[in-house]
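Take a look at the structure below.
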Amino acid sequence: MLPRPAGAVPNIQEANKREPLLPWGRRYHQGRVVLGARVDQACLGPGELRRAAGAYKNERFVMTYRHDTKKVSSCALVGRSA
């Protein structure tokens, strides 16, 4: 992958692969934080999504952690505005 020009913003796929979002564990967490995840990637089922959405009721995004995949995911809650 070629380096990006200064000031260029990576797309979601590139950011997921290259950006160290959690600075205290670059190797361990690399590739384990998924931006813009689908619901089936982020949650084990509808109940888990409802719990996450309830915890973030004033937000447009939720963060979830799946023990089976060991990934942290960020999902947009469609229909919510800032």
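Here are the numbers for this structure:
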| read-out | value |
| --- | --- |
| The lone exception for residue 69 - which of (1) modelled with pLDDT of 80 or more; (2) surrounded by 10 or more Cβ atoms within 10 Å (Cβ to Cβ); (3) assigned to a helix (DSSP H, G or I) it fails | (3) |
| Lone qualifier among 33, 62, 39, 9 - being among the β-branched types (Val, Ile, Thr) and modelled with pLDDT under 80 | 33 |
| Test: residue in the stretch 43-50 that is surrounded by fewer than 10 Cβ atoms within 10 Å (Cβ to Cβ), under 12 Å from residue 77 (Cβ atoms), modelled with pLDDT of 85 or more and small (Gly, Ala, Ser) | no |
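The values are calculated or read from the model by the stated rules, or taken from the named source; none is laboratory data. Not measured: the values here are computed from a predicted model. For neighbour counting, all protein chains shown are included, and Cβ atoms are generated from backbone atoms with ideal geometry for every residue, glycine included.
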